[in-house]
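To start, the structure itself, in structure tokens.
The values are calculated or read from the model by the stated rules, or taken from the named source; none is laboratory data. What you see is a predicted model, and the numbers here were worked out from it, not measured in a lab. Note: ideal-geometry Cβ built from the backbone for every residue, glycine included; neighbour counts use all protein chains shown.
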Amino acid sequence: MNISARGLGDPEAYLTKVHGVRPPHLGKQAIARWYFPPEIDYRLSLLPKNCKELVRWVVEAKVLSKSELQFLALLPAIRPNVKVIAECGTW
């Protein structure tokens with residue numbers, strides 16, 4: 001599964017916690033907020049029983065801060081069946 005780091009927000013909240021999303025309101029529409037389940041738990045629940053692990057590929061990870069990259073590096077230690085690849089490009 002791949003995601004883009006641009007517009008991701010807080011990777012820890014997006015990947016491991018229930019997080020709120022506010023879509024843009026256009027003009028006089030009511031401001032709405034939706035809540036989504038943790039992305040990692042949701043994707044793991046959809047995997048077949050014979051799958052070993054989930055791989056998340058983060059594209060454009062060069063826009064993430066050092067602490068956000070550190071969380072992505074520590075995520076496989078927190079969730080052993082999740083692997084993360086962060087594509088940082090050239091610094």
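Summary table
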item	result
Test: residue in segment 54-64 that is within 13 Å of residue 3 (Cα to Cα) and either among the small types (Gly, Ala, Ser) or at pLDDT 95 or above (or both)	yes
Residue satisfying all of: in segment 1-15; part of a loop (DSSP other than H, G, I, E, B) and touching a strand residue (DSSP E or B) at 6+ places or on another chain (Cβ under 9 Å); modelled with the lowest pLDDT among these	1
